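Data first, discussion second: the structure below is written as structure tokens.
The values are calculated or read from the model by the stated rules, or taken from the named source; none is laboratory data. All values derive from a computational prediction rather than experimental measurement. Ideal geometry is used to build each Cβ from the backbone, glycine not excepted, and the neighbour counts take in all protein chains shown.
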Amino acid sequence: MTEEMNMQKAKEVFDVLVTMLDTRDWKYEKHEEKLLIKSGIKGDDLPVEFIMVVKPRNEVVQFISMLPFNMPEDKRVDGAIAVCAANYGLVDGSFDYDLRDGEIIFRMTSSYRESTLSEDLFEYMIMVAASTVDQYNDKFFMLAKGMMTVQQFLEQENA
């Protein structure tokens, strides 16, 4: 597929994403030139902010949610263990973890290569990702602040 065709398909996918958000009266910030949308929801405790971006080169849509804190240096190994434990039980999406700075990002990706993505799929991506981030951000935060040990995190995961 040529670069021009990739961009045309990416714009079509982006338009479906925007239509889904508009149909559901979702508040968002659109950056059409970057094929990127910023939005968020109020979680149980911490806000869940996210970016959805269409990537023409890879022919994927990515949902990315950066947690609003980083693991402090003395908790980075515990953070890595907790992220691995969380990822083990996830059905869709995953947490990425940067051991250098303690940043945690939730990422969910769907390919549109030789297919069409629907509004329902985009809604699914938002709902699953928001629910997953909301389920784990408090636990990761408590671990980062010393309010929970990695052992307690693992016990909750295995309960």
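Starting from residues that are in contact (Cβ under 8 Å) with a residue 12 or more places away in the chain and among the acidic types (Asp, Glu), keep the ones in region 9-67 and report whichever is nearest to Met125 (Cα to Cα).
Among those residues, the one meeting the criterion is Glu49.
Answer with yes or no whether Ser94 is touching a Lys or Arg at 6+ places or on another chain (Cβ under 7 Å), surrounded by fewer than 18 Cβ atoms within 10 Å (Cβ to Cβ) and either modelled with pLDDT of 90 or more or aliphatic (A, V, I, L, M) (or both). Step through it out loud before you land on a result.
On the way: touching a Lys or Arg at 6+ places or on another chain (Cβ under 7 Å): yes; surrounded by fewer than 18 Cβ atoms within 10 Å (Cβ to Cβ): yes; either modelled with pLDDT of 90 or more or aliphatic (A, V, I, L, M) (or both): yes.
Yes.
Out of all the residues in region 11-23, is one or more touching a strand residue (DSSP E or B) at 6+ places or on another chain (Cβ under 8 Å), assigned to a helix (DSSP H, G or I) and aromatic (Phe, Trp, Tyr)?
Yes: region 11-23 contains one or more residues that are touching a strand residue (DSSP E or B) at 6+ places or on another chain (Cβ under 8 Å), assigned to a helix (DSSP H, G or I) and aromatic (Phe, Trp, Tyr).
If Ile105 passes every condition in (1) in contact with a strand residue (DSSP E or B) (Cβ under 7 Å, 6 or more places away or on another chain); (2) modelled with pLDDT under 90; (3) hydrophobic (A, V, I, L, M, F, W, C) but one, which one does it miss?
(2)
Report the residue count in region 108-123 for those that are among the hydroxyl-bearing types (Ser, Thr, Tyr) and modelled with pLDDT of 90 or more. Break it down stepwise before answering.
Step one: list which residues in region 108-123 are among the hydroxyl-bearing types (Ser, Thr, Tyr), which gives 109-112, 115-116, 118.
Subset that is modelled with pLDDT of 90 or more: 109-112.
Going through region 108-123 one residue at a time, the tally reaches 4.
Against the conditions (1) part of a helix (DSSP H, G or I); (2) crowded, with 17+ Cβ neighbours inside 10 Å, where does Ile104 fall short? Just the number, please.
Single failed check for Ile104: (1).
One line per residue, one yes/no per condition, for (1) over 19 Å from Asp92 (Cα atoms); (2) part of a strand (DSSP E or B); (3) basic (Lys, Arg); (4) at pLDDT below 95:
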{"site": "Lys27", "(1), (2), (3), (4)": "yes, no, yes, yes"}
{"site": "Lys30", "(1), (2), (3), (4)": "yes, yes, yes, no"}
{"site": "Lys38", "(1), (2), (3), (4)": "yes, yes, yes, no"}
{"site": "Ile41", "(1), (2), (3), (4)": "yes, yes, no, yes"}
{"site": "Asp44", "(1), (2), (3), (4)": "yes, no, no, yes"}
{"site": "Phe50", "(1), (2), (3), (4)": "no, yes, no, yes"}
{"site": "Val53", "(1), (2), (3), (4)": "no, yes, no, no"}
{"site": "Met66", "(1), (2), (3), (4)": "no, yes, no, yes"}
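Any residue that is in a loop (DSSP other than H, G, I, E, B) and hydroxyl-bearing (Ser, Thr, Tyr) - is there at least one of those in region 140-153? Steps first, please.
Narrowing region 140-153 to residues in a loop (DSSP other than H, G, I, E, B): 145-149.
Now drop any that are not hydroxyl-bearing (Ser, Thr, Tyr), which leaves 149.
Within region 140-153, one or more residues are in a loop (DSSP other than H, G, I, E, B) and hydroxyl-bearing (Ser, Thr, Tyr).
Closer than 18 Å to Lys11 by Cα, among the β-branched types (Val, Ile, Thr) and part of a loop (DSSP other than H, G, I, E, B), is that true of Thr116?
On the way: closer than 18 Å to Lys11 by Cα: yes; among the β-branched types (Val, Ile, Thr): yes; part of a loop (DSSP other than H, G, I, E, B): yes.
Considered against the rule, which asks whether it is closer than 18 Å to Lys11 by Cα, among the β-branched types (Val, Ile, Thr) and part of a loop (DSSP other than H, G, I, E, B), Thr116 comes out as yes.
Being within 30 Å of Asn6 (Cα to Cα), in contact (Cβ under 8 Å) with a residue 24 or more places away in the chain and acidic (Asp, Glu) narrows it down to one of Glu103, Glu157, Glu119, Glu114, so name that one.
Details: Glu103 fails: within 30 Å of Asn6 (Cα to Cα); Glu157 fails: within 30 Å of Asn6 (Cα to Cα); Glu114 fails: in contact (Cβ under 8 Å) with a residue 24 or more places away in the chain.
So the residue among Glu103, Glu157, Glu119, Glu114 that is within 30 Å of Asn6 (Cα to Cα), in contact (Cβ under 8 Å) with a residue 24 or more places away in the chain and acidic (Asp, Glu) is Glu119.
From the list Leu67, Leu99, exactly one residue is in contact with a helix residue (DSSP H, G or I) (Cβ under 6 Å, 6 or more places away or on another chain), farther than 12 Å from Val150 by Cα and buried (at least 16 other Cβ atoms within 10 Å of the Cβ). Which is it?
Numbers: Leu99 fails: buried (at least 16 other Cβ atoms within 10 Å of the Cβ).
Answer to the selection: Leu67.
Restricting attention to region 134-154, which residues are more than 17 Å from Cys84 (Cβ to Cβ) and in contact (Cβ under 8 Å) with a residue 60 or more places away in the chain?
Asp134, Asp138, Phe141, Gly146
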